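Below you'll find the structure, written out as structure tokens, and then a few comments.
No value in this document is a laboratory result; all are computed from the given coordinates. In this text, all values refer to a predicted model and were calculated from it rather than measured experimentally. Every residue, glycine among them, receives a Cβ derived from its backbone with ideal geometry; neighbour counts consider all protein chains shown.
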Amino acid sequence: MSNAVSEPADDLVSLTSLTVLNATTALERGVAALKAGQTVFDLRNVLTVDSVAVSVMLAWQRAAVDAGVKLELKNLPPALQSLTKLYGVCSLLFPPEVKLQQDGSVPHNPAHDEFVPVNAPTTVFTKKTGLGNDPAAHHHH
């Protein structure tokens, strides 16, 4: 075959699911790929995910840190993206490109804003939860 690719093969591009059923295999494949020098994981074909997917990706991230390399996760399908948002691990999986200042202080990181408590308008809450002063509002028969 003359169409040999010079770049390292992406062992994870063939991954179609990241669930409890194949988590161990996927994890091992990812770690093996990292050891083989692959630092970019293309996850475009991962269509089936569950909560384990986030754990696997975090484990890959840890393995990359241990190996002293930077892991880049690319082309995450919407299901995978929404899981990372749901668990609030966007910033863990996709470290922002923030360099420490010379004096050791950390610049403001917008990615961390997701951890700031959100203050919803009280009007919405009082209406929905019946936390108004009217005791009759608490009883709906």
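Of note:
- Under-5 Å amide H pairs with F41, H placed in peptide plane, nonlocal only: E72, L73, K74
- Cβ-Cβ FRET estimate between K70 and T25, R0 fixed at 25 Å, reported to 0.05: 0.55
- Under 5 Å between amide hydrogens, built in the peptide plane, is the criterion, and for L18 it picks out T48, V49, D50 among residues at least 5 positions away or on other chains.
- Gyration tensor verdict on the stretch 17-97 (Cα atoms; rounded if a/c is under 1.5, prolate if a/b is larger than b/c, oblate otherwise): oblate
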